[in-house]
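All remarks here apply to the structure that follows.
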Amino acid sequence: MSPDRLIRVFLVDDQELVRTGFAMILDATPDLRVVGSAADGQTALDALRRPEHHADVVLMDIRMPGIDGVETTRRLLATPDPPRVVMLTTFDDDELLVAALRAGAAGFLLKDAGAAELLTAIRAAAAGEAPVAPRLVRRLIDSFVLAPPTTTSAEHPPAERPPAGASRLGRLTSREREILASVGLGLTNAEIAARLRLAESTVKTHLGSVLRKLELRDRVQAVILAQTHGLTGDSRRTD
């Protein structure tokens with residue numbers, strides 16, 4: 001995505017104060033524009049069908065009355081040319097994290113995130129990355145990897161097993177391992193490029209190779225694998 005492109009954002013949260021606060025931050029930022037908001041899933045789905053509400057990124061509350069954020073995301077991503085969805089969550093939403101991953105969420109952001117974290121997450125999602133709030137990485141690992149596989153409902157299937165790429169780590173080059181370790185720290189491609197003194201396009205190429213070699217579905221699985229296998233300690237020592 002060109003750095004000069006306007007990123008269109010749609011807000012979905014049943015708390016008006018949350019929607020208003022986020023909108024004030026986003027509308028004061030030159031490269032972002034709020035194109036609409038909704039207090040529930042069905043209203044969001046109806047609005048996002050209209051051209052004037054076309055969005056690049058949707059900030060989606062994970063818990064809402066009626067259709068919750070997980071099911072709303074599943075339905076939204078089944079439509080043509082869907083936006084990227086970043087789930088808004090809290091520390092008591094562990095049981096929905098895996099369901100949101102399965103629904104296709106592009107990333108996760110805590111609802112009490114600061115302005116800088118909010119803006120970084122939206123820009124990363126619009127660029128095709130998978131933002132995960134650093135404070136949520138441990139919770140994702142606990143829910144996605146360590147929790148026993150139990151079914152909570154027909155809409156929220158049992159937890160998946162850990163990403164299977166661990167047995168294939170030996171396929172990575174030393175540079176690809178550095179990239180994976182940095183992804184495990186929750187860094188964006190731009191941050192990894194600055195840390196490793198590489199072009200951002202080179203980081204994207206290496207990351208694509210990592211995902212293919214390890215047969216990982218997405219960046220979130222890469223974060224989980226890097227964290228559970230202790231790769232992030234090596235990345236911290238490269239500073």
### Summary
Contour minus Cα-Cα span, ASP112 to ARG197, at 0.36 nm per residue, comes to 27.4 nm
### Message
Applying a 10 Å radius around every beta-carbon, put 121-131, 12-22, 190-200 in order of their mean neighbour count, most first.
### Response
121-131, 12-22, 190-200
### Query
Is the shape of the range 1-132 rounded, prolate or oblate, going by the alpha carbon gyration tensor and its root eigenvalues a ≥ b ≥ c, with a/c under 1.5 for rounded and a/b larger than b/c for prolate?
rounded
### Task
Grab the beta carbon distance between ASP81 and SER174, set R0 = 30 Å, and tell me the FRET efficiency rounded to 0.05.
0.20
#### Entry: Solvent-accessible area per residue, Å², over the range 9-82 with all protein chains present [probe radius 1.4 Å]
47
### Task
List the relative contact order of the range 1-90 as a percent without decimals, with contacts defined as Cα pairs under 8 Å and 6+ residues apart.
30
## Note on the structure
Non-local residues with an amide H under 5 Å from the amide H of LEU110, with H modelled 1.01 Å from N and Pro and chain starts lacking one, are THR89, ALA133
## Note on the structure
Using alpha-carbon positions, the gyration tensor of the range 13-77 gives root eigenvalues a ≥ b ≥ c; with a/c under 1.5 called rounded, otherwise prolate if a/b exceeds b/c, else oblate, the class is oblate
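The values are calculated or read from the model by the stated rules, or taken from the named source; none is laboratory data. Because the structure is a prediction, the values reported are computed rather than measured. Glycine also receives a Cβ, built like all others from the backbone with ideal geometry; neighbour counts cover every protein chain displayed. Accessible surface is based on the protein model in full, side chains and every heavy atom, while ligands, DNA and RNA are left aside. Shrake-Rupley method; radii C 1.70, N 1.55, O 1.52, S 1.80 Å.
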